[in-house]
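A quick write-up on the structure given underneath.
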Amino acid sequence: MTQDSFSRQQAAAITGLSPRQLGYWRKTGLVVPAARTNGGHARYTFTDLIALRAAKRLLDANISLQRIRKCLQSLTGFLPTANQPLVELSLVVTGDVVLVFHGERAFDALTGQEWVFPIAELAKEVEQLQQVRPEQGELFPAAMEKLEEYA
C-alpha cells in the first residue's frame with residue numbers, strides 16, 4: 001500500500017524531528033506541507049519529507065535555523081529557478097560553510113561565492129597512488145583522462 005501524504009506524527013517519526021518542530025517550521029514557512037485534509041490538517045508529501053530531512057541534516061551539522069533561513073533566502077536570489085532549494089539542490093556543510101552543488105558548480109549558499117576544487121592536487125594524489133601500487137594502475141587511466149580535462 002502506498003501513501004500519498006503523511007500526518008505530522010508520521011512525518012516526525014520518519015524524519016527524526018519533533019511534531020512541535022514541524023508545527024513551528026510550518027508556521028514560519030521553512031517547510032510548509034503541500035497537502036491538507038478536508039478538515040484542514042497538514043499532510044506532508046514525500047517531497048516535503050525530503051525537505052525536512054535536508055533541513056535536519058543542516059541542523060545536525062550545527063547550522064542554526066536562522067542561518068538555514070538566510071541560506072534559503074540567498075539561494076532564491078542566486079538560483080531563481082530553484083523553487084524548493086532543500087529538495088532540488090545538494091547542500092553540504094564543510095566547516096562553517098554551507099556549500100551548494102548545482103550542475104557542475106559549487107558555491108557558498110550565503111554569499112554565492114563559487115568554490116573551485118583543487119583538481120590538480122587530486123590528480124597528483126592519484127599519480128602517487130599509481131606509483132605506490134602499480135598493479136592498480138589499470139583502475140586509474142579513465143579517471144586520469146577526466147582529471148586532465150579539468151587541470
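The values are calculated or read from the model by the stated rules, or taken from the named source; none is laboratory data. A quick note: this is a predicted structure, and the numbers were derived from the prediction, not measured. Note: ideal-geometry Cβ built from the backbone for every residue, glycine included; neighbour counts use all protein chains shown.
Test each condition in (1) touching a helix residue (DSSP H, G or I) at 6+ places or on another chain (Cβ under 8 Å); (2) surrounded by 15 or more Cβ atoms within 10 Å (Cβ to Cβ); (3) small (Gly, Ala, Ser); (4) outside the structural domain of GLY29 (by TED's automatic domain parsing) for GLY112 and report the one that comes out false.
Looking at each condition in turn, GLY112 falls short on (2).
Return yes when GLU114 is over 15 Å from the mean Cα position of the chain (by Cα) and of a type in the set (Asp, Glu) and no when it is not.
yes
I need the full set of residues from region 33-50 which are among the small types (Gly, Ala, Ser) and surrounded by fewer than 16 Cβ atoms within 10 Å (Cβ to Cβ), in order please.
ALA34, ALA35, GLY39, GLY40
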